[in-house]
Amino acid sequence: MGISLGGGKGTIAEPNVIPLIDILLVLIIIFMAINPTTPRGLEALVPQPNPNKEQPSQDILQKTVVVQVLCASKSAERCLVTTLKINEEPHTWATLGPRIEEIFKQRAEKIAFVKGDPEVLFNEVARAIDIMRTSGVGKVGLITAKIEAGE
């Protein structure tokens, strides 16, 4: 600590803050090194193509739940209106959650898939994933065009 003399009113103590600033800078560097900023998105499963190239059995097709986020009307740049289907059954955003809860109420395997049109913005697909996760689906997989084609 430094002391400033002068002025006639006695001594005035002024703290030396330079060592404190050095310690704070070292702590900031340590915390930045410990906590790397890696981007983290939504957890999703991507189904793998069948290596046998044979059609899945009827039992597997009945158990599979696929939510489709489709583009109903679009402009030149983007999709304006989206529609939803659960296994080819039309639904709205309001009925998606209750229907998913009803489907997975008695099931042990809580796995479903989402398929989105290329014109649909990802936030619409993420909204469907969020509704599915809050409705009781344990794992949500993504179906892409390549996976659907069997590549």
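For the reader, a short list of remarks on this structure follows.
- Simple point charges give the picture: +1 on the Cβ of Lys and Arg, -1 on the Cβ of Asp and Glu, and for the range 63-151 a dipole about the Cα centre of about 280 debye.
- Residues with amide H under 5 Å from that of GLY141, placed H, sequence gap 5 or more: LEU45, ALA112, PHE113, VAL114
- For the range 64-75, Karplus couplings with θ = phi - 60° (6.51, -1.76, 1.60), whole Hz, Gly/Pro x: 6, 10, 10, 9, 9, 10, 10, 8, 8, 8, 9, 9
- Residue pairs, from the table LYS63/LYS85; LYS74/LYS105; LYS74/LYS110; LYS63/LYS115, whose Cα atoms sit over 27 Å apart: LYS74/LYS105; LYS74/LYS110
- Each Cα pair under 8 Å and six or more residues apart adds its sequence gap; the mean of these over the residue count of the range 58-149 is a relative contact order of 30 percent.
Computed from the coordinates by the stated procedures, all read-outs in this text should not be read as laboratory data. Here the structure is a predicted model, which is why all the values come from computation and not from measurement. Positions of Cβ are generated from backbone atoms using ideal geometry, with glycine treated the same way; all protein chains shown enter the neighbour counts.
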